[in-house]
1. Sort 139-146, 65-72 by packing, meaning the average of other beta carbons within 10 Å per residue, with the highest value first.
2. Provide the gained length on full extension for the span Arg71 to Gln424, in nm with one decimal, where the gain is 0.36 nm per separating residue minus the Cα-Cα distance.
3. Where in the range 218-242 does the amide nitrogen come within less than 17 Å of the point 7 Å from the Cα of Ala275, taken along Cα to Cβ?
4. Looking at Pro297, Pro307, Pro256, which one has the Cα that reaches farthest to the positive end of the dipole of the range 247-320 (charges on Cβ: Lys, Arg +1; Asp, Glu -1)?
5. Could you name the lysines whose alpha carbon sits less than 26 Å from that of Lys54, not counting residues in the same chain fewer than 8 places away?
6. Sorting check: for 305-312, 30-37, 247-254, 337-344, which peptide has the highest mean count of neighbouring beta carbons within 10 Å, and how do the rest follow?
7. What's the center-to-center distance, using Cα atoms, between the range 360-431 and the range 260-309 in Å?
8. Select from Ser189, Ala175, Ser164 the residue farthest towards the positive end of the dipole of the range 155-196; place +1 on Cβ of Lys and Arg, -1 on Cβ of Asp and Glu, and compute about the Cα centre.
Amino acid sequence: MSVSTTIGQTPPTLPSRAPLYCDWLWHSVTVLCDGTVTCGCSDPFKTRNHGSLKSSSLREIFAGALIAKRREDLLAGHKCHKCALHDGAEGKDLTPSGPYPKKLMLEPTIKCNIRCINETCNIANDAAFHLRREDFLSWPLYTKLMDEAGPHLQELVFYNYGESFAHPKALDMLAYAKKVNPRIRVATSTNGILLARDGMAERIVEEGLIDAICFTIGGVDQETYVRYHKAGSFEKAMDGMRRMVEAKRRLSKSAPLVHWRYLLFNWNDSDECIAQALRLREEIGVDQFKFMLTASPIEGRSLRRAPGTPGYAAIRQWLAYQDDYSADPLQEAGLWSLEKSPRLGPFSWTGRTARVCMKPVDGQVNLRLARTTNPVAPPQAVTLRLPWQHEVAANVGAGKWGDNLISVPVEFHDEVQITLEVDQIFSPLRHTDSHDNRELGVMVCMDGVSAAPNPYRTADVSALKVKGLSRGSSRELF
C-alpha cells in the first residue's frame, strides 16, 4: 500500500511563513552540564547558545536579546535551524514568562553508563568529541541556579543528554530543588540501571524527590535489550524499575508516577516480544506503559508495527511515537532524504542497510553507488543481496558512480528488490567539519530507483511527521 505525503496539511518540507511558536522559547529554558543555556531537547551541539550561567544570571539570559530574536524570527515564520519543536502561533500565549521561565530542563551530566546506538549518544559518549566544557554540572553552579530561579519554577525536567543518575550528587540535587521550592514538579528519564543500587529508589520515594519518572527499556530479555542498549544490563534496568514500584507500595506513596517506555525496533517487535512486555508490565505494576515507534537507528525501524499494518492496529492502544516520527517511505527502506548533486544528480544516502526497487531494462538493472572521498572516512564495502538467493560484492565509486550491472532472471522481470548491506558507516560529524550527526552508508543514484515498500503495510497512511504523541516525555508525564 502507498504512503501519502499530502493528507490533511502541507508537507513539512515546504517553507512556512505562518507565525510560529515554541514553548521552549516563550516559557522554558535548557541548562547544559557546563552551564550553557540553550532551548529544547534537541541541541546537543549548543547551536542555539543563549549564554552561560558562569557569566550571567538566568534572568538576564531569559530576558536577553538572543532569545528575543529567536521569538521574533519564529513569529515571522522562520524556523530554527534543524529544530522541529515549533508549532503554529495561533491561539498560543505569546507573552513570555517572566522574569523567569516556568520550566527548566536541566542536564546534570552528558555522560552515560551505557552506549545506546543512536547518532547523538554515539557522539556524546565518544572521548574524541568533548561536547561540553565540563561533563558534570558543578554543585556550586547548580545551587546558584536553583537559589535564583527555583522559587519561580513550576517544572524541573531533570534530564537531557546523558544519564542523570550518573551524576554523583543526583539525589542531592533533587532534594535541593524540592527544598528551594516544595511545589515544583519534577520529571526525569532514565535507563534504570543505576537505580538498582541499594537505597536509590527507596530514597527517591521516601523523600518525594520525583513526581514522574520514565524508564526507557527496549526489550524483554538481554538479547533483545542489548541490541540497542549496548553495554547495558536488562536485569539491572528492570530491577531499578521494580524497586521504584515496590518502594511506592511499601511506603504507601503515590509518587513518582512510573512510566515504562518500550522502544520498538525490528528485533524486538515480534508477537512473542509484545506479549512478554505486556506480561512484565502487569507483573511489575507500572503506572503507565507505551510501545514507542522510533526513527533511529534508521536500519532498526520496526516495519511490522508501522502505521497501516496489522501489527500497528494490534498495539495501537499502547502506542507512542518518537518526536517527528513518520511513515516516510525512504526511511522505512533505510534511505535518508532525497538530495541532488549538480554533478551526480538525485541520490539518497543509505544507513547500514537499505532496500531499493528497480525495473529491469532488457533483462538488466544497473544500480549505481558512490561513497565519500573524505580521506579519513573508513573504507566501505557493500554487499548486494538479490531475490534469487544470490549475493554479490558491489562496485562503489569514490566520489563518482560505480556501475553494478545485474542480469535478472526472467521471473523477476517486472521488478527487482535489492538489499544493500554496508560494512562501515560514514559520519559527517566525525569525519568533516559538520554538525550532521547522521550515520551514513553509501550514496544510491535514485534515477530509476525507488524505495522498497513496507512489506507489512495493508492500508494507505500519511508520511507527515507525528507531533505531540510522545507519551512518556516530560511534557506528557504530568
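1. Per-residue Cβ counts within 10 Å, averaged per peptide and sorted highest first, yield 139-146, 65-72.
2. Numbers: separation 353, 0.36 × 353 = 127.08 nm, distance 4.10 nm.
Extra length from Arg71 to Gln424 when fully extended: 123.0 nm.
3. What the label zone holds, given the 17 Å backbone N cut-off, is 220-221.
4. Pro256
5. Leaving aside lysines fewer than 8 places away in the same chain, those within reach of Lys54 are Lys46, Lys69, Lys102, Lys103, Lys111, Lys144, Lys169, Lys178, Lys179.
6. So the peptides 305-312, 30-37, 247-254, 337-344, ranked by packing, come out 30-37, 305-312, 247-254, 337-344.
7. Using only Cα atoms, the two centres lie 32 Å from each other.
8. Selected residue: Ala175.
We did not get these values from a lab; they are worked out from the coordinates using the rules stated. Everything numeric in this text was worked out from a predicted model, so none of it was measured. Neighbour counts run over all protein chains shown; Cβ positions are idealised from the backbone, glycine included.
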